[in-house]
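A.B. asks: I'd like to ask you about the structure that follows.
The values are calculated or read from the model by the stated rules, or taken from the named source; none is laboratory data. This is a predicted model, so every value here is computed, not measured. Reconstructed Cβ throughout: ideal geometry from the backbone, glycine too, with neighbour counts over all protein chains shown.
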Amino acid sequence: MPITNKIVHNMPPQVSEMSGPNSPRSAFTIVELLVVIAIIGVLVALLLPAIEMARESSRRSACSNNLRQHAIAVKLHEQSHKTFPTGGWHGWLGDPSAGYGPKQPGGWIYNILSFIEHDSLRQLGKGLSGMPKEQAMVTLMESPIDVFQCPSRRLPRTYPYTGPELKNAKPPKDVAKSDYAINAEISYEKSEVIMPDIQLRGKGASNTILAGEKSLSSENYTNGTGIGDTLVAYVGDSDDIRRSGSGAPMPDRTAGIRFGGPHPGGVNIAYCDGSVRFVGDDEELVPTK
């Protein structure tokens, strides 16, 4: 084959005249870019509520788990001491040397500490007197526990004490709080409620409220001035740690001395049989049947 033919056959194809540096190129116009941005904005606006709902569902589930732990601890207390935790004494802090029952000035939260793996807090100050005991009691009051804080409301840390002086302790500036309260018919001042009171002479364990989220104005989550949120979690009988089980839940947007919480639509409630249910804002807490 002639050499000239080989050269011709190996030459690259001619480049199109339209492929030069001055040839037109496809690109987004400003209008198209604005349309894309608008579409993205709409998608984000649609997704954000769904993401927030998923997060709130997780927080509500964690809150329900907190109450389940409370119910288990109360059951263990009842099995060990044959009564539900006493309500303690109004205006007093829990005392490790006073044991359990009506002679114990601390309320239900203080009395179940040993049953939620916080026995070291329950024993703080035991056998001590004078300044060492005072310091131990301050340590107790400055020790928040995560199972007593609703994750939809506030972090498990200390918040301002704005109540009156306690009769057996000097509260520090910031103390542990509780987002939960017990049924005032189960635990009250110097109470000794036994299980037959619930099973035989009441509505039954499955229909009797044990504990639940307490209503608290969202404006007062962190300042310690909300109704029923001025003291410390380990005190005796007070609005800070007990609620009446009558009526409908009172959500935080309205607030009051009832059960209620920050969750949209209702409140988590634990019953004396150990179950935890979500009760709607328009439902009666105590069933009529």
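A.B. asks: Residue by residue through the range 146-202, note down the ones that are free of Cβ contacts under 8 Å to residues at least 60 places away in the same chain and over 25 Å from the mean Cα position of the chain (by Cα).
C.D. replies: Glu165, Lys170, Pro196, Asp197, Gln199, Leu200, Arg201, Gly202
A.B. asks: From the list Lys203, Lys214, Lys173, which residue is out of contact with any Asp or Glu (no Cβ under 9 Å at 6 or more places or on another chain), closer than 27 Å to Asp281 by Cβ and charged (D, E, K, R)? Break it down stepwise before answering.
C.D. replies: Working: Lys214 fails: out of contact with any Asp or Glu (no Cβ under 9 Å at 6 or more places or on another chain); Lys173 fails: closer than 27 Å to Asp281 by Cβ.
The unique qualifying residue is Lys203.
A.B. asks: So, in the range 111-120, of the ones that are touching a residue at least 24 places away in the same chain (Cβ under 8 Å) and assigned to a loop (DSSP other than H, G, I, E, B), which residue ends up surrounded by the most Cβ atoms within 10 Å (Cβ to Cβ)?
C.D. replies: Ile112
A.B. asks: So, one more: Could you list all residues from the range 198-228 that are of a type outside the set (Lys, Arg), outside any loop (DSSP other than H, G, I, E, B) and within 24 Å of Leu113 (Cβ to Cβ)?
C.D. replies: If the condition is that a residue be of a type outside the set (Lys, Arg), outside any loop (DSSP other than H, G, I, E, B) and within 24 Å of Leu113 (Cβ to Cβ), then Ile198, Ala205, Ile209, Leu210, Ala211, Gly212, Glu213 are the ones that fit.
A.B. asks: Ok, one more. Can you report the number of residues in the range 203-227 which are surrounded by fewer than 22 Cβ atoms within 10 Å (Cβ to Cβ) and under 18 Å from the mean Cα position of the chain (by Cα)?
C.D. replies: Here the count works out to 9.
A.B. asks: Does Met137 fit the bill of being surrounded by fewer than 15 Cβ atoms within 10 Å (Cβ to Cβ), more than 20 Å from the chain's Cα centre (by Cα), assigned to a helix (DSSP H, G or I) and not β-branched (Val, Ile, Thr)?
C.D. replies: Working: surrounded by fewer than 15 Cβ atoms within 10 Å (Cβ to Cβ): no; more than 20 Å from the chain's Cα centre (by Cα): yes; assigned to a helix (DSSP H, G or I): yes; not β-branched (Val, Ile, Thr): yes.
No.
A.B. asks: Another question, then. If we keep just the residues of the range 245-289 that are under 21 Å from Glu219 (Cα atoms) and of a type in the set (Lys, Arg), which is modelled with the highest pLDDT?
C.D. replies: Initial filter on the range 245-289 (under 21 Å from Glu219 (Cα atoms)): 249-268, 281.
So of that shortlist, the ones also of a type in the set (Lys, Arg) come out as 253, 258.
Details: Arg253: 87, Arg258: 92.
Here the residue is Arg258.
A.B. asks: Which residues, counting only those in the range 89-121, are under 10 Å from Tyr234 (Cα atoms) and under 24 Å from the mean Cα position of the chain (by Cα)?
C.D. replies: Scanning the range 89-121 gives Leu93, Gly94, Gly106, Gly107, Trp108, Ile109, Tyr110, Asn111, Leu113.
A.B. asks: Any idea which residue in the range 140-189 is farthest from Gly88 (Cα to Cα), counting only those that are of a type in the set (Phe, Trp, Tyr) and in a strand (DSSP E or B)?
C.D. replies: Among those that are of a type in the set (Phe, Trp, Tyr) and in a strand (DSSP E or B), it is Tyr159.
A.B. asks: Output the residues belonging to the range 89-107 that are in a helix (DSSP H, G or I) and touching a helix residue (DSSP H, G or I) at 6+ places or on another chain (Cβ under 7 Å).
C.D. replies: Pro96
A.B. asks: Given the conditions (1) at pLDDT 95 or above; (2) under 16 Å from the mean Cα position of the chain (by Cα), which single one is not true for Gly236?
C.D. replies: Going through (1) at pLDDT 95 or above; (2) under 16 Å from the mean Cα position of the chain (by Cα) one by one, Gly236 breaks only (2).
A.B. asks: Name the residues in the range 253-276 that are within 25 Å of Lys203 (Cα to Cα), small (Gly, Ala, Ser) and surrounded by fewer than 24 Cβ atoms within 10 Å (Cβ to Cβ), would you?
C.D. replies: Going residue by residue through the range 253-276, those that are within 25 Å of Lys203 (Cα to Cα) are 257-261, 266-276.
Narrowing the set further to residues that are small (Gly, Ala, Ser) leaves 260-261, 266, 270, 274-275.
Listed by number, the residues that qualify are Gly266, Gly274, Ser275.
A.B. asks: Would the range 195-202 turn up any residue that is surrounded by fewer than 17 Cβ atoms within 10 Å (Cβ to Cβ), over 30 Å from Arg122 (Cα atoms) and in contact with a Lys or Arg (Cβ under 9 Å, 6 or more places away or on another chain)?
C.D. replies: Checked the range 195-202: no residue is surrounded by fewer than 17 Cβ atoms within 10 Å (Cβ to Cβ), over 30 Å from Arg122 (Cα atoms) and in contact with a Lys or Arg (Cβ under 9 Å, 6 or more places away or on another chain).
Here's the yes/no breakdown for (1) assigned to a loop (DSSP other than H, G, I, E, B); (2) surrounded by 11 or more Cβ atoms within 10 Å (Cβ to Cβ); (3) of a type in the set (Lys, Arg); (4) at pLDDT below 95:
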{"site": "Thr4", "(1), (2), (3), (4)": "no, no, no, yes"}
{"site": "Ile7", "(1), (2), (3), (4)": "no, no, no, yes"}
{"site": "Leu33", "(1), (2), (3), (4)": "no, yes, no, yes"}
{"site": "Gly41", "(1), (2), (3), (4)": "no, no, no, yes"}
{"site": "Leu47", "(1), (2), (3), (4)": "no, no, no, yes"}
{"site": "Gln79", "(1), (2), (3), (4)": "no, no, no, no"}
{"site": "Ile109", "(1), (2), (3), (4)": "no, yes, no, no"}
